[in-house]
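Undergrad: I am attaching a structure below and will ask some questions about it afterwards.
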Amino acid sequence: MTAVVLSPPPAVQERGLWLSLTVAMSKRSVIAIVRQPALVIPSLIFPLFFAALGTSSFGRAVRLPNFPKVDNFLDFALAGTIIQGVLFGSVTGGAALATDIEMGFFDRLLATPTSRISILVGRLAGAALFGGFQAIVFVLLLLPFGVSIKAGVAGFIVIVLCGALTGMAIGGFTAAIALKTGSSEAVQGSFPLLFIGLFFSSAFFPRQTMQGAYKVIANINPVSHLVEGVRGLVTDGLTARHVAAALLVPIGIGAVSISLAMRTLYSRLAAR
């Protein structure tokens, strides 16, 4: 009796191939980050430096009128530290993609049967993994210095997810710059813009104590709402409002940035 081997339908085979290609590109993205510590370490060190400096300089600010109720300033600063690190770390992935374009590796990939979308999705998945890793590192390093997460383990998981989603969301913008310009220097030039977006938010000081144009900008800045979602998990506890802000804001930003990156990818392919 002859055994009959049934092969998966073509659509299933294509999905499996696309998934395996995306996983491979994600692994390559993560390995590239690990192999370039000089690019990664600053996004871990500088946020911690700002947290230490802010805590020592503004520790008594928690007594100001309208300042949110917190156990200490470090609890307040943790959210800003995480988002700052993830924003800066997202530049690394975009710069690596631009380097692939400059060195010709991107064109060699296009000459293979590799899915074009998996090239971008794999890079963004790597940015998400790095963003989640940064959130874990910042929390674990600051716990011995008095940080406590009122939302507990569930809140910690949400914070890590927020870091991953934010890394992917901002990575979409840096990937779009890389695909548009093909220049790692242009991607790294986005760093000041990210810092300005962070500075004009409530990452370093609460909106309740702001005045004038600074407060107006902070009110409409999505980074403020993202930071405050994470901060609420640290200082207030696990609530639907804080979870929604921590997860839905980066998802919204990601919808815009990834759409822009996909459009830029298709434009680059069409120009070949």
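The values are calculated or read from the model by the stated rules, or taken from the named source; none is laboratory data. Predicted model only: the values in this text are computed from it and were never measured. Counting neighbours? That spans all protein chains shown, and the Cβs are built from the backbone with ideal geometry, glycine included. In case anyone asks, the SASA skips ligands and DNA or RNA and just uses the protein heavy atoms, side chains included. Shrake-Rupley method; radii C 1.70, N 1.55, O 1.52, S 1.80 Å.
Undergrad: Return the lysines within reach of residue 215: Cα separation strictly under 22 angstrom, same-chain partners fewer than 8 residues apart disregarded; answer none if there are no such residues.
TA: Within the straight-line cut-off, residue 215 pairs with 69.
Undergrad: Next question. Between beta-carbons, use under 12 Å as the cut-off and find the net charge around residue 159, counting Lys and Arg +1, Asp and Glu -1.
TA: Numbers: positive: 150, 231; negative: none.
Taking every Cβ under 12 Å from that of residue 159, the sum is +2.
Undergrad: To continue, here is another question. Among 160, 70, 187, which one shows the highest mean-square fluctuation when the chain is modelled as a Gaussian network with alpha-carbon springs under 10 Å?
TA: Evaluated over the chain, the most mobile residue of the options is 70.
Undergrad: For the chain, state what percent of all Cα-Cα pairs lands in each successive 5 Å bin, counting from 0 Å until the bin that includes the largest distance.
TA: 1, 6, 12, 17, 17, 14, 11, 8, 6, 4, 2, 1, 1, 0, 0, 0, 0, 0
Undergrad: Given a 1.4 Å probe, how much area per residue of the chain is accessible, in Å²?
TA: Working: 13680 Å² over 272 residues.
For the chain, the solvent-accessible area averages 50 Å² per residue.
Undergrad: Please enumerate, by chain and number, the aspartates and glutamates with C-alpha under 12 Å from the C-alpha of residue 150, excluding those fewer than 8 residues away in the same chain.
TA: Once the sequence-local aspartates and glutamates are set aside, what remains near residue 150 is 71, 75, 236.
Undergrad: Given the Cα atoms of the stretch 10-125, and with Rh set as the inverse mean 1/r over their pairs in the Kirkwood sense, what is Rg to Rh to two decimals?
TA: Working: Rg = 20.6 Å, Rh = 17.1 Å.
Radius of gyration relative to Kirkwood radius: 1.20.
Undergrad: Enumerate the helices in the chain for which the Kyte-Doolittle hydropathy averages -1.0 or more and the C-alpha atoms extend at least 27 Å along the helix's axis, using complete DSSP H runs. Numbers along the way, then the final one.
TA: Details: long enough: 10-34 (36 Å, 0.74); 37-58 (31 Å, 1.67); 73-103 (45 Å, 1.21); 116-142 (40 Å, 1.84); 152-181 (43 Å, 1.81); 240-270 (44 Å, 1.16).
Span-like helices here: 10-34, 37-58, 73-103, 116-142, 152-181, 240-270.
Undergrad: Could you give the length gained on full extension between residue 112 and residue 58, defined as 0.36 nm per residue of separation minus the Cα-Cα distance, in nm?
TA: Details: separation 54, 0.36 × 54 = 19.44 nm, distance 5.51 nm.
Computed gain between residue 112 and residue 58 is 13.9 nm.
Undergrad: How many times 2.2 N^0.38 Å is the alpha carbon radius of gyration of the stretch 134-203? List each step's numbers first, then the result.
TA: Numbers: Rg = 15.5 Å, N = 70, 2.2 N^0.38 = 11.1 Å.
The value comes to 1.40.
Undergrad: Per residue of the chain, what 222 nm ellipticity follows from adding -39500 (n - 2.57) for every DSSP H run with n ≥ 4, rounded to the nearest 500?
TA: Result for the chain: -26000 deg cm²/dmol, rounded to the nearest 500.
Undergrad: Still on this structure: Using Cα positions and a limit of under 30 Å, work out the lysines in reach of residue 180, with same-chain residues fewer than 8 apart set aside.
TA: 27
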